[in-house]
Amino acid sequence: MREQVEQLTQHIRDDKRRQKLQQILWKHGKLFDVRRPSIIKATVHHAIETGTHPPTYTSPYRVSYKDEQIQRDEIDKLLKQGIIEESISPWSSPIVLVRKKDGSVRFCIDFRKLNNVTTKDAFPMPRIDDIFDHLSQAEYYTTIDFKSGYFQVGLDPKDRSKTAFSTRDQHYQFTVLPQGVTNGPPAFQRIVSQILGPTRWQYSLAYLDDVIIYSPTFDQHLQHLDDILNRLNDANFRLNINKCQIAQTAIDYLGHHIEHSNIRPNADNIRALVETQQPTTAKEAFRFVKAAEYYRKFIPGFSTIAQPLHQYAPTTKEQRSKKSQATPITLSNDALDAFNELKKILTNDLILRIPDQNLSFKIQTDASKIGIGAVLMQTHPHGDLPVAYLSKK
């Protein structure tokens with residue numbers, strides 16, 4: 001751990017500051033001990049409420065010899081970690097191996113039938129814009145990454161049977177919160193929110209397992225960091241030390257880059273969009289425009305520009321079918337122009353100012369026969385700076 005702590009703090013040039021920061025990390029060293037799985041101390045374990053609905057069952061999918069070996073290796077690992085156990089449950093969901101772009105394989109369970117009969121949890125997810133709005137006065141940031149966050153949440157013993165899945169000759173069930181169950185996100189959000197307690201919206205925020213600590217000064221940041229790590233330690237959480245960013249003045253968070261109250265799209269995300277090849281299916285066209293839409297507040301007139309690509313949005317059951325989404329298409333001239341225009345705009349330095357609630361706002365509007373647009377600004381000593389662009393067709 002010594003090497004990781006030194007790497008996490010090497011950007012702090014002042015020796016005294018760096019030593020103070022390192023002392024806090026060493027004080028909470030238990031958080032970074034991931035040699036054994038850990039279950040957090042929550043008031044209740046996660047429950048899967050299905051009422052009186054009978055068990056759902058899907059036979060395991062047939063797989064190749066190679067994929068069967070991948071399944072066995074993953075199951076052996078999960079068994080050793082205590083994440084799953086053998087089962088005699090009447091419930092069963094199939095295993096799905098999802099292949100990533102880098103060639104690696106992700107072990108998943110298809111819980112769709114279970115999710116369809118599960119009572120939904122209405123715990124709210126925070127708006128990402130609201131999160132960023134609270135960072136306007138901050139100069140120092142820390143982001144925290146949980147080590148397999150869901151697997152640190154205990155599952156109510158009475159509901160473990162509902163998470164059962166099968167291979168061709170074995171039957172297992174989860175002992176912890178598995179990924180893919182419908183109430184996983186709100187359940188995890190509730191737990192993290194409870195642990196952060198009154199520090200939320202003051203100097204800490206969380207979007208699922210993405211936690212950020214923010215402060216106006218370095219000394220305050222040390223106090224805030226110590227407090228949050230204390231809370232996580234008391235809850236028995238474990239963190240991935242290699243993915244944490246500690247006491248930074250510029251940071252990447254939720255697909256954005258934040259520095260000195262300025263916010264930009266994350267450079268890697270923009271690069272991926274700009275390097276997107278011309279879509280050849282409706283699915284590819286719609287995927288591109290939805291990914292670009294995440295950054296619409298940075299782009300004046302986004303709705304008008306992107307409108308031709310929205311014709312590829314699946315609006316009917318037939319259009320949402322895999323066959324329809326994979327059918328080859330040729331982009332119309334308008335759609336191709338929109339695709340190229342969005343990529344061109346994304347190559348610019350898209351920057352906005354995080355709104356300061358102590359300053360007044362201005363809004364400028366524009367309208368035409370095909371759409372309306374607006375820019376929200378704030379007046380700073382050096383001029384008006386844009387906070388967000390809005391548009392609607």
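The values are calculated or read from the model by the stated rules, or taken from the named source; none is laboratory data. None of these values were measured; they are calculated from a predicted model. Virtual Cβ from ideal backbone geometry, glycine too; neighbours counted across all protein chains shown.
Among the residues of the stretch 165-185, some residue qualifies, meaning at least one is crowded, with 17+ Cβ neighbours inside 10 Å, hydroxyl-bearing (Ser, Thr, Tyr), modelled with pLDDT of 95 or more and more than 15 Å from residue 86 (Cβ to Cβ). Of the residues making up the stretch 125-148, one or more are touching a strand residue (DSSP E or B) at 6+ places or on another chain (Cβ under 7 Å), among the small types (Gly, Ala, Ser) and assigned by TED's automatic domain parsing to the domain that holds residue 237.
The rows are residues; the columns are (1) in contact (Cβ under 8 Å) with a residue 12 or more places away in the chain; (2) among the basic types (Lys, Arg); (3) assigned to a strand (DSSP E or B).
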| residue | (1), (2), (3) |
| --- | --- |
| 136 | yes, no, no |
| 141 | yes, no, yes |
| 144 | yes, no, yes |
| 151 | yes, no, no |
| 159 | yes, no, no |
| 169 | no, no, no |
| 172 | yes, no, yes |
| 188 | yes, no, no |
| 191 | yes, no, no |
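Conditions tested, residue by residue: (1) within 21 Å of the chain's Cα centre (by Cα); (2) surrounded by fewer than 18 Cβ atoms within 10 Å (Cβ to Cβ).
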| site | (1), (2) |
| --- | --- |
| 29 | no, yes |
| 40 | yes, no |
| 119 | no, yes |
| 125 | yes, yes |
| 136 | no, no |
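The set of residues in the stretch 194-219 being out of contact with any helix residue (DSSP H, G or I) (no Cβ under 8 Å at 6 or more places or on another chain) and free of Cβ contacts under 8 Å to residues at least 24 places away in the same chain consists of 198, 202, 219.
Looking only at the stretch 323-366, how many residues end up being farther than 30 Å from residue 384 by Cβ and assigned to a strand (DSSP E or B)? It would help to see each step written out before you state the result.
Pass one, the stretch 323-366, residues farther than 30 Å from residue 384 by Cβ: 323-337, 339-340.
Now drop any that are not assigned to a strand (DSSP E or B), which leaves 328.
Matching residues across the stretch 323-366 total 1.
May I ask you to verify whether residue 110 is surrounded by fewer than 15 Cβ atoms within 10 Å (Cβ to Cβ) and not aromatic (Phe, Trp, Tyr)? Against the criterion (surrounded by fewer than 15 Cβ atoms within 10 Å (Cβ to Cβ) and not aromatic (Phe, Trp, Tyr)), residue 110 does not qualify. Exactly one residue among 306, 282, 326, 313 is at pLDDT below 95, within 24 Å of the chain's Cα centre (by Cα) and over 30 Å from residue 217 (Cα atoms), and that residue is 313. Taking each residue of the stretch 48-67 that is closer than 24 Å to residue 157 by Cα and looking for partners that are among the acidic types (Asp, Glu) with beta-carbon atoms closer than 6 Å, six or more apart or interchain, yields 48/159. At least 3 residues being modelled with pLDDT under 95 and over 18 Å from residue 242 (Cβ atoms) is the threshold, and among the helices (runs of 4 or more DSSP H) wholly inside the stretch 1-107 those reaching it are 15-27, 65-80.
Yes/no per residue for (1) within 30 Å of residue 164 (Cβ to Cβ); (2) touching a strand residue (DSSP E or B) at 6+ places or on another chain (Cβ under 8 Å):
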| position | (1), (2) |
| --- | --- |
| 180 | yes, yes |
| 190 | yes, no |
| 261 | no, yes |
| 274 | no, no |
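Those strands (runs of 3 or more DSSP E) of the stretch 223-315 in which at least 1 residues are farther than 24 Å from residue 4 by Cα and not hydrophobic (A, V, I, L, M, F, W, C), considering only elements entirely within it, cover 256-259, 262-265.
Consider the stretch 369-390 and keep the residues that are in contact (Cβ under 8 Å) with a residue 40 or more places away in the chain and small (Gly, Ala, Ser). The one that is nearest to residue 295 (Cα to Cα) is 388.
Within the stretch 285-296, restricting attention to residues that are surrounded by fewer than 21 Cβ atoms within 10 Å (Cβ to Cβ) and closer than 22 Å to residue 133 by Cβ, the residue that is nearest to the chain's Cα centre (by Cα) is 294.
Would the stretch 197-217 turn up any residue that is under 25 Å from residue 14 (Cβ atoms), at pLDDT 95 or above and surrounded by fewer than 21 Cβ atoms within 10 Å (Cβ to Cβ)?
Scanning the stretch 197-217, I find at least one residue that is under 25 Å from residue 14 (Cβ atoms), at pLDDT 95 or above and surrounded by fewer than 21 Cβ atoms within 10 Å (Cβ to Cβ), so the answer is yes.
Every residue, every condition in (1) crowded, with 16+ Cβ neighbours inside 10 Å; (2) of a type in the set (Asp, Glu); (3) closer than 30 Å to residue 9 by Cα; (4) modelled with pLDDT under 90, yes or no:
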residue: 241; (1), (2), (3), (4): yes, no, yes, yes
residue: 257; (1), (2), (3), (4): yes, no, yes, no
residue: 265; (1), (2), (3), (4): yes, no, yes, no
residue: 274; (1), (2), (3), (4): no, no, no, no
residue: 317; (1), (2), (3), (4): no, no, no, yes
residue: 322; (1), (2), (3), (4): no, no, no, yes
residue: 349; (1), (2), (3), (4): no, yes, yes, no
